[in-house]
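First up is the structure itself, then whatever we jot down about it.
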Amino acid sequence: MILRVNKNFNTLKGIVTIPADKSVSHRAVIFSSLAQGKSIIKNFSDGADPHSSLEICKQLGADINIDSSTITIVSDGKLKATSQPLFCGNSGTTMRLMAGILSGQNFDSTLTGDESLSKRPMKRIIEPLSQMGAKITSNDYRAPLEIKNSNLKAITYDLPIASAQVKSCVLLAGLFSDGTTTVNEIYPSRNHTEIMLKHMDANINYSNNQISISKSNLSPLNIEIIGDISSAAYFIAAGLLVPNSEIILKNVGLNPTRAGILDVAQKMGANIEILDKKEICSEPVGDLKIKYTPNLQGCEISGELIPKLIDEIPIIAVLATQAQGQTVIKDAQDLRNKESDRIKTTVTELKKLGAQIEETQDGMIIQGKTKLAGGICTDSYKDHRLAMSLYIAGLITDKEISVNDFEWVNISFPTFEKLITELYFQ
Ligand code: S3P
């Protein structure tokens, strides 16, 4: 579907509640299926990706009831064999987390994905899982993954890349292994797995860049999912870029391993205030007040900051086109392995709009501030984050733009367009 970006506003004003975090929703439904008893998840994500995890948990025997955004899961803590392949859709998180869990079960299973997921690298999980004794066959280290029943043994694993999916995969396999599994990170990546498993009484310990886990009986979960900072990022950018905007984003997850966009906003001199900070199930959350900032400054984004904002780089690139001077994004080569090659796709599409932006091997360099012309149809490459970033760019282009394959926003944020247009103010 080609969507024309609606430019029927003068400015953005109002309050929006940010929908549930995708990463936390995946973990909540998957871990609850491993717990013995009844778990209740409130405000579960309506994104297609967490629903891929949910469907797989059902297929593996969890009794799951959905009532609007509340999900009840009853499980005896043991997954059941299925002869059918387990379809992960577009979701890398589903495939990588489930691969860790399924490697340690006493039955065989097969994980499949859509066209995009079937091209994404799985060597990063197959290698450590094989070291633990897993038996996995793949299509040249890509899905489908056929996982044979095996007995796992604990390992100590130094993650070669900062990836929460790989970290979580190894830790979840560690839950079904003899001995204590330890994972060492280069840089901290999102720690929702560690926080939630601890909350569920797992034998898990973490400090700085090291996490250890062993076999555990998980207690059921009772959780209200926090708002997704990766979804909030599009509204943050919109509020900063559209002249005279003033908006409040409610219920935004502020976990420091996820909130790199706020560090960048601060470096750029953005006018953002955090209001009403609190904790929900050990995850920090707050409201953000965003005001139009005409004098944003370019900055460098690299190293330890990258895993904290990995999914936000396309929208940060849009912000950088409107910041004075140069913005350099480096150490982000893994962006090439996402739902699209996000270095290439972001640079190509923003260039079409008139941005001064160049691709590098591990990131991009953007010169600002440039007028974005528009008047064209851009391509989302069936990548939800590209689709939303281009929509926000379209709010500030001289002429109207459209976005091809816009419906892919449903992967993480089906209500994106509805919520952004609710802020339109004449
Ligand atoms: C995620 C981790 C990140 C992120 C993805 C969600 C997770 O992937 O890009 O959208 O929920 O653990 P990597 O671990 O591959 O960096």
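The values are calculated or read from the model by the stated rules, or taken from the named source; none is laboratory data. This one's a predicted model, so the numbers in the text were calculated from it and none came from an experiment. Neighbour counts are summed over all protein chains in view; Cβ atoms, including those assigned to glycine, are modelled from backbone coordinates with ideal geometry. Note: areas computed on protein heavy atoms with side chains; ligands, DNA, RNA excluded. Shrake-Rupley method; radii C 1.70, N 1.55, O 1.52, S 1.80 Å.
For region 100-129, filtered to residues that are acidic (D, E) and part of a loop (DSSP other than H, G, I, E, B), the residue that is farthest from the chain's Cα centre (by Cα) is D108. Count of region 65-90 residues, restricted to those that are within 16 Å of the ligand (Cβ to nearest atom) and surrounded by fewer than 23 Cβ atoms within 10 Å (Cβ to Cβ), is 1. The single condition among (1) farther than 30 Å from T415 by Cβ; (2) crowded, with 23+ Cβ neighbours inside 10 Å; (3) within 15 Å of the ligand (Cβ to nearest atom) that I213 does not satisfy is (3).
The single condition from (1) small (G, A, S); (2) out of contact with any Ser or Thr (no Cβ under 9 Å at 6 or more places or on another chain); (3) closer than 21 Å to S32 by Cβ that S207 fails is (3). Is it fair to say T348 is in a loop (DSSP other than H, G, I, E, B), of a type in the set (S, T, Y) and open to solvent by 10 Å² or more (accessible area, probe 1.4 Å)? So T348 fails the test.
Of all residues in region 306-343, those being within 11 Å of the ligand (Cβ to nearest atom) and among the β-branched types (V, I, T) number 3.
This table checks each residue for (1) open to solvent by less than 30 Å² (accessible area, probe 1.4 Å); (2) within 20 Å of the chain's Cα centre (by Cα).
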residue	(1), (2)
Q131	no, no
N139	no, no
S150	yes, no
T180	no, no
H192	yes, yes
N203	no, no
L218	yes, no
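The set of residues in region 3-32 being surrounded by fewer than 16 Cβ atoms within 10 Å (Cβ to Cβ) and either closer than 30 Å to A62 by Cα or among the β-branched types (V, I, T) (or both) consists of I15, T17.
Would you tally the residues in region 70-99 being assigned to a strand (DSSP E or B) and either at positive phi or within 27 Å of the chain's Cα centre (by Cα) (or both)? Summing the residues that are assigned to a strand (DSSP E or B) and either at positive phi or within 27 Å of the chain's Cα centre (by Cα) (or both) in region 70-99 gives 8.
Taking region 91-129 only, how many residues are open to solvent by 10 Å² or more (accessible area, probe 1.4 Å), charged (D, E, K, R) and within 16 Å of the ligand (Cβ to nearest atom)? Residues in region 91-129 being open to solvent by 10 Å² or more (accessible area, probe 1.4 Å), charged (D, E, K, R) and within 16 Å of the ligand (Cβ to nearest atom): 6 in total. The residue that is nearest to the ligand (Cβ to nearest atom), among those in region 185-203 that are under 16 Å from G104 (Cβ atoms) and in a helix (DSSP H, G or I), is T193. The set of residues in region 25-52 being over 16 Å from L218 (Cβ atoms) and either more than 16 Å from the ligand (Cβ to nearest atom) or assigned to a helix (DSSP H, G or I) (or both) consists of S25, K42, N43, D46, A48, D49, P50, H51, S52.
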